[in-house]
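The values are calculated or read from the model by the stated rules, or taken from the named source; none is laboratory data. As the structure is a prediction and not an experimental result, all values here were calculated from the model. Here the Cβ positions follow ideal geometry from the backbone for every residue, glycine too, while neighbour counts run over all protein chains shown. The area values use the complete protein model at the heavy-atom level, side chains included, leaving out ligands, DNA and RNA. Shrake-Rupley method; radii C 1.70, N 1.55, O 1.52, S 1.80 Å.
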Amino acid sequence: ERSPAGIAKIQAATKALLERNVQALRVTGSAVLSLVWVACGRANAYYAGLHEKDCPKPWDWCAGYVIGLEAGATFARCDARSYPGGGTSAGGKQQPAFDIYSKSCIVASNPQLCADLRQIISSACKQAAAES
């Protein structure tokens, strides 16, 4: 996303993560590859969709979601919205359904990391939006 608002959100999220001692940030250029890296343990997390045009397409989500889910990855939306019809997680907690038309996503190797990233990224994006 190259709009001023999109750039501000991406910069804010990157800054917030680096300030929390994230070891590395990688942009592979492929949503499916990034999701598969989380699924196989090569990466701990992936996020996308911080602004309107910064989001993978449904075909990316379809492939990546199936692979990630089978490997035990946790999926959530950056904006914390959910859809009816979710499933049950390994811990027995009801989870919202994942929408392949979603404009935002955080996927992580475990639920706690996913929740932490959602909080960090959401806070950074809200602050960036308020400042612009």
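Residue check, N44 against (1) out of contact with any strand residue (DSSP E or B) (no Cβ under 9 Å at 6 or more places or on another chain); (2) polar (S, T, N, Q); (3) modelled with pLDDT of 80 or more, all met but one. Which one?
(1)
Can you tell me which condition L25 does not meet? The list is (1) under 18 Å from Q119 (Cβ atoms); (2) hydrophobic (A, V, I, L, M, F, W, C); (3) at pLDDT below 85; (4) open to solvent by 60 Å² or more (accessible area, probe 1.4 Å), and all the others hold.
Here L25 clears every test but (3).
Can you pull out every residue in segment 3-23 that is over 16 Å from S123 (Cα atoms), touching a residue at least 12 places away in the same chain (Cβ under 8 Å) and not in a helix (DSSP H, G or I)? Spell out how you get there, then give the answer.
The initial filter retains those residues of segment 3-23 that are over 16 Å from S123 (Cα atoms), namely 3-4, 21-23.
Next cut, touching a residue at least 12 places away in the same chain (Cβ under 8 Å) only: 3-4.
If the condition is that a residue be over 16 Å from S123 (Cα atoms), touching a residue at least 12 places away in the same chain (Cβ under 8 Å) and not in a helix (DSSP H, G or I), then S3 is the only one that fits.
Which one of these is of a type in the set (A, V, I, L, M), modelled with pLDDT of 90 or more, closer than 21 Å to A5 by Cβ and in contact with a helix residue (DSSP H, G or I) (Cβ under 8 Å, 6 or more places away or on another chain): I120, I106?
Details: I106 fails: modelled with pLDDT of 90 or more.
I120 is the lone residue from the list that is of a type in the set (A, V, I, L, M), modelled with pLDDT of 90 or more, closer than 21 Å to A5 by Cβ and in contact with a helix residue (DSSP H, G or I) (Cβ under 8 Å, 6 or more places away or on another chain).
For segment 46-58, how many residues meet the condition of being open to solvent by less than 60 Å² (accessible area, probe 1.4 Å) and either free of Cβ contacts under 8 Å to residues at least 24 places away in the same chain or not in a strand (DSSP E or B) (or both)?
Within segment 46-58, residues that are open to solvent by less than 60 Å² (accessible area, probe 1.4 Å) and either free of Cβ contacts under 8 Å to residues at least 24 places away in the same chain or not in a strand (DSSP E or B) (or both) number 7.
So that you can scan it fast, the table gives a plain yes or no per residue for (1) open to solvent by 30 Å² or more (accessible area, probe 1.4 Å); (2) among the basic types (K, R); (3) closer than 13 Å to F98 by Cβ; (4) in contact with a helix residue (DSSP H, G or I) (Cβ under 9 Å, 6 or more places away or on another chain):
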site: S34; (1), (2), (3), (4): no, no, no, yes
site: C40; (1), (2), (3), (4): yes, no, no, yes
site: N44; (1), (2), (3), (4): yes, no, no, yes
site: D60; (1), (2), (3), (4): yes, no, yes, yes
site: V66; (1), (2), (3), (4): yes, no, yes, no
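Return yes or no: is V38 farther than 23 Å from S132 by Cβ and out of contact with any Asp or Glu (no Cβ under 9 Å at 6 or more places or on another chain)? So that I can check it myself, show each step before the final result.
Working: farther than 23 Å from S132 by Cβ: yes; out of contact with any Asp or Glu (no Cβ under 9 Å at 6 or more places or on another chain): yes.
So V38 passes the test.
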